[in-house]
Each structure stands twice: as structure tokens, then as C-alpha cells.
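Step one of this worksheet: look at the structure below.
The values are calculated or read from the model by the stated rules, or taken from the named source; none is laboratory data. Note that this is a predicted model, so its numbers are computed, not measured. Please note: Cβ atoms are built from the backbone with ideal geometry, for glycine as well, and neighbour counts cover all protein chains shown.
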Ligand code: HEM
């Protein structure tokens with residue numbers, strides 16, 4: 001079963017557009033700043049860090065470039081990201097549902113430190129939606145697999 005991750009492209013009528021994010025001061029420089037800061041924190045985080053140290057296929061530099069492209073696509077509507085987030089997370093061994101909550105809190109702290117204040121709730125809305133989608137994909141697929149193998 002394949003669960004597509006097109007959620008990062010989903011918007012509602014009240015969501016800011018790419019132009020709105022640009023007007024809030026979100027540009028490629030800010031995106032790189034918060035991405036680099038977030039993964040510096042993740043690198044030393046006792047919960048999130050080991051997934052990257054032990055299971056990441058990409059190098060840290062490749063991952064950071066990829067994540068700049070990802071957030072550029074999500075916030076500024078560029079088409080620079082062409083990865084596949086769902087399989088990258090379903091393959092992670094030892095991932096727990098609660099780890100997503102920790103990811104969200106850690107990410108929000110980073111945004112507060114790096115981004116224009118008004119943009120933070122809007123970026124967080126996108127981040128939480130994607131985190132929920134990934135969490136659902138990871139744990140729903142696991143439940144399906146366990147039921148099918150009974
Ligand atoms: C507990 C939470 C999370 C953990 C432990 C985690 C861990 C990882 C790891 C280890 C990779 C590298 C995969 C590889 O290159 O082999 C990765 C890739 C990625 N992560 Fe996460 N992640 C989490 C949550 C999130 C969330 C909430 C988002 C988005 C808001 C996200 C977006 C991505 C993207 C876009 C990639 C690149 C996928 C690709 O290669 O196409 N992650 N993540």
C-alpha cells in the first residue's frame with residue numbers, strides 16, 4: 001500500500017500564500033538559517049540525533065541542502081524538492097509516536113530563534129500538518145502490516 005505525501009502542498013483558503021510568506025520576511029537565507037540551526041540542535045539531541053547518526057543514508061550536508069529545498073517548496077512554492085519523505089520515515093527503526101511531538105517542540109524553538117515572529121505560527125501549522133501526516137503514514141502502515149501478518 002502506498003500513501004502519497006502530497007500534504008505539504010495542501011493549503012486552505014486562509015493559509016498564507018508563497019507571496020504572504022515572502023512578505024513576512026521568509027526567503028532562502030532565512031530558510032537556510034533555520035534549517036541549519038534545527039539540524040545543529042538535532043545533531044546533539046538524545047532522542048532525534050541517533051536516527052540521523054545511525055540510519056541516515058544521506059550525509060549531513062546533503063540532508064541540509066535537501067531540507068532547504070523542502071522548506072523552500074513548502075513555504076515559497078518553489079519546485080526544488082523532489083524527495084520522498086514518507087519512505088524516508090517508514091524505514092526508520094525504533095521510531096515512536098512520541099518522537100514526533102518532540103520533533104515539533106524542537107522545531108518550534110528553532111523557528112522562534114531564527115524567524116520573523118509573525119511567520120512562526122504559520123510555519124508551525126505547515127510543520128504540524130506534515131508531522132501528523134508522516135506519523136499517520138508510519139504507524140498506520142505498521143498497524144496494517146501487523147494485521148495482515150496475523
Ligand atoms: C520523530 C521525527 C522525525 C525523525 C526521527 C526524522 C528523521 C529523519 C531521518 C533520519 C531522515 C534521513 C533519511 C535518509 O536520508 O536516510 C529524514 C529525512 C527527511 N525528513 Fe525527517 N524525521 C522526523 C520528522 C520529520 C518531519 C516532521 C518532517 C517535515 C515537517 C520531516 C522531513 C523530512 C524530509 C523532507 C526528509 C528528506 C526525505 C527524502 O530524502 O526525500 N521529518 N528524517
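Miscellaneous remarks
- Segment 54-67, residues that are closer than 19 Å to residue 130 by Cα and near the ligand (Cβ under 9 Å from one of its atoms): 63, 66, 67
- Of all residues in segment 79-98, one or more are free of Cβ contacts under 8 Å to residues at least 24 places away in the same chain, in contact with a helix residue (DSSP H, G or I) (Cβ under 6 Å, 6 or more places away or on another chain) and away from the ligand (no atom under 11 Å from the Cβ).
- Sole exception among (1) within 13 Å of the ligand (Cβ to nearest atom); (2) modelled with pLDDT of 95 or more; (3) closer than 13 Å to residue 126 by Cβ for residue 9, by number: (2)
- Within segment 104-127, the residues that satisfy the criterion of being under 17 Å from residue 39 (Cα atoms), without any contact (Cβ under 8 Å) to a residue 60 or more places away in the chain and within 15 Å of the ligand (Cβ to nearest atom) are 104, 105, 108, 124, 127.
- Filtering 38, 34, 70, 51 for residues that are over 19 Å from residue 123 (Cβ atoms), buried (at least 17 other Cβ atoms within 10 Å of the Cβ) and either away from the ligand (no atom under 15 Å from the Cβ) or in contact (Cβ under 8 Å) with a residue 40 or more places away in the chain (or both) leaves a single hit, 51.
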